[in-house]
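Engineer: This structure is in structure tokens; I'll ask about it shortly.
Bear in mind that the values in this text are calculations on the coordinates, not laboratory data. Just so it is clear, the structure is predicted and the values come from calculations on it, not from any experiment. Backbone-built Cβ (ideal geometry, glycine too); neighbour counts: all protein chains shown.
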Amino acid sequence: MMPMSFRPHTRGQAGFSLIELMIAVVVVGILAAVAYPSYTEYVARGHRSQLRAQMEQAQQWLERYYSARYFYGDTATATANANFDDQAFATSPPSSGGDARYTLAVVVANGGQTYTITASRAGTMASDHCGNPTITNAGLKGVETGSFGTQHTDAAAAVAACWR
């Protein structure tokens, strides 16, 4: 048997050309441009979901307050409830959960028989297109007038898009 001679295999230089690298960067850029807005909206929906849970906690607290006193305010004629601001749900996330994205406030009306809770946007949610959500003692969901973005034609459209 004849011995085989081993010759080193000669190839051109290995690696990427500048054009290939630029194409890869452009593709990654396009993907990022498409994915980032979707990601930020996904995160915002999560924050709004947490807010809805906290607004429900606030409603439950106010109902317990009412059942003990027969009015929602500090007194039967008050338009506020000073104890509301001291509760853990008064900011979203709660004060122990990081920077506030919403601050909840309650306005009591009709001799202490009705209320409206409003969540004012703050921090990372300050420019959220859904505006400042509201909810009443009757469970009527809304958005503070003039607080929602141009993506929505009116408050009803903002409620339909954002209160799901």
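Engineer: Where does the stretch 45-164 land on the Kirkwood hydrodynamic radius, alpha-carbon pairs, in angstrom?
Structural biologist: Kirkwood hydrodynamic radius for the stretch 45-164: 14.5 Å.
Engineer: Could you list Leu21, Leu51 so that the one with the fewest beta carbons within 10 Å of its beta carbon is first and the one with the most is last?
Structural biologist: Leu21, Leu51
Engineer: Please report the net charge: other residues with Cβ closer than 10 Å to the Cβ of Arg101, K and R +1, D and E -1.
Structural biologist: Residues near Arg101 contribute 0 overall.
Engineer: To continue, here is another question. Relative contact order of the chain: what whole-number percent is it, with Cα pairs under 8 angstrom and at least 6 residues apart?
Structural biologist: Across the chain, relative contact order equals 13 percent.
Engineer: OK, next. For the chain, which span is the longest to avoid every loop-located (per DSSP) member of chymotrypsin sites (Phe, Trp or Tyr not before Pro) having at most 16 other Cβ atoms inside 10 Å?
Structural biologist: Answer - 71-162.
Engineer: Given springs between every Cα pair under 10 Å in a Gaussian network model of the chain, which of Gly146, Gly131, Gly112 has the largest fluctuation?
Structural biologist: Evaluated over the chain, the most mobile residue of the options is Gly146.
Engineer: Additional query: Could you please report the charge total around Phe148, scoring K, R as +1 and D, E as -1 over all other residues with beta-carbon less than 11 angstrom from its beta-carbon?
Structural biologist: -2
Engineer: With angles folded into 0 to 90 degrees, how steeply does helix 18-69 sit against the dominant principal axis of the chain? Use alpha carbons for both and round to 10.
Structural biologist: 20
Engineer: State the Cα centre-to-centre distance between the stretch 34-65 and the stretch 88-164 in whole Å.
Structural biologist: Measuring centre to centre over Cα atoms gives 9 Å.
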